[in-house]
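The structure appears right after this line, and notes come after that.
The values are calculated or read from the model by the stated rules, or taken from the named source; none is laboratory data. No experiment lies behind these values; they were computed from the predicted model shown. A quick note on method: Cβ atoms are made from the backbone with ideal geometry, for glycine too, and the neighbour counts reach across all protein chains shown.
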Amino acid sequence: MPADLSPGFKNEKRFCMKEDLALQNIQARSRMVYSYKLAQMLSTPAVRDKTFLLVLGSANVDEALFGYYTKYDCSAADLNPIGGVCKTDLKMFLKWAGRTYKWPALIETEKAPPSAELRPAKPGEKEQADEDDMGLTYAELSDLGKLRKVNRMGIYAMTRRLIDLWGSRESISSVSIATEGPDVSETTTESLLKSLADATMVNTKCFEDVEVDFVGGQNRISARIFLDRDSDGAHDRAHAAVEAMKKGRAFAHAPSQKNVFHSLKVVGGAVKRVQLPLSPDEVKWKVERFYKMHMQNRHKMTTLTPSYHAENYSPDDNRFDLRPFCYKFPLTHQWNDVNRLVASANRRNASKAECD
């Protein structure tokens, strides 16, 4: 095949999203084929002709509603035990099960960034991430799904609600540190909080959800930093402290015996922003992105694998849903109203900033 006609991923010689998706979908659908092959072949030869195994799917409710999956990929199965569960609840369940039953693999899975793992990354390039591909976080997808179905909001009402909801939300960063040394996962939450605040020089009132898991001989320390509770650069101080720890291989500000981490060797870590207040224009973009993808991918929902109903905003049952599954986009009338709403919100914010 001539070089100019051979398909390539978008991070290769040229950018073409259709080629990129076509190559990703080959691998995605191969997973389904091999899953069914294994289901038929894993039984022992003595019983293979008498029985078979069922294939379990792995798509969740947020991905289904957004359409972030391939028709007949690993979402195609006989049953999908998590098909009606949101991503946030799934991560909480993995964390609970991993700690309760001492399964390190579940803890590792929960801490890993969600990724389809379909596009190969070049050396030094960031790995493919679900939230980067979608342009929305899973928490935002949950908000959009609930407003759409539970609150029965359309595009205009949803944008109006989210301008207030997402525009006033707290700024949050996440901190994660990996260390070698004695297991400190049984330490009390209060001691962990004080030690981490001491090590990063960030006020204790800024931290929530401080946790330690001992996995693979390492302590995995994680927490969330609420930046609005400290106006003096909590994110920057935490980032600088983690970088200093990685270079010095020790908790630079934790030499005391009273500090839980004083005997640990730092092997890695990161601080990243995970939530910031959004402007009206950013809210509009996310709502438009959600509805555009939901409408474009609505046809996929006719092939959803059966799953139990666990969320009150689950995708509509494809067997008896009489609404069309092909939509015309964009919805000009609705978006004209949204544009006027966003312009009004921007004027209101500008006027408020001048008064302040």
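Filtering region 64-73 for residues that are of a type in the set (G, A, S) and outside the structural domain of L141 (by TED's automatic domain parsing) leaves an empty set. Look through region 97-110, keep the residues that are over 18 Å from the mean Cα position of the chain (by Cα) and not β-branched (V, I, T), and return whichever of them is surrounded by the most Cβ atoms within 10 Å (Cβ to Cβ). Going through the qualifying residues, I end up with G98. In the set (1) touching a residue at least 12 places away in the same chain (Cβ under 8 Å); (2) assigned by TED's automatic domain parsing to the domain that holds K292, the condition left unmet by A157 is number (1). Only one of the numbered conditions (1) at negative phi; (2) within 26 Å of the chain's Cα centre (by Cα); (3) not in a loop (DSSP other than H, G, I, E, B) is violated by A244, and that is (2). Annotation: of all residues in region 250-268 being at pLDDT 80 or above and surrounded by fewer than 20 Cβ atoms within 10 Å (Cβ to Cβ), the one that is farthest from V175 (Cα to Cα) is S263. Of the listed requirements (1) touching a residue at least 24 places away in the same chain (Cβ under 8 Å); (2) out of contact with any strand residue (DSSP E or B) (no Cβ under 7 Å at 6 or more places or on another chain), D213 misses just one: (2). The set of residues in region 230-243 being at pLDDT below 85 and either touching a strand residue (DSSP E or B) at 6+ places or on another chain (Cβ under 8 Å) or not polar (S, T, N, Q) (or both) consists of D230, D232, G233.
For beta carbons closer than 7 Å, sequence separation of 6+ or different chains, a first residue in region 182-197 that is closer than 25 Å to R237 by Cα and at pLDDT 85 or above and a second that is among the charged types (D, E, K, R) and not in a loop (DSSP other than H, G, I, E, B), the qualifying pairs are S185/D213.
Restricting attention to region 30-76, the residues that are polar (S, T, N, Q) and without any contact (Cβ under 8 Å) to a residue 12 or more places away in the chain add up to 4.
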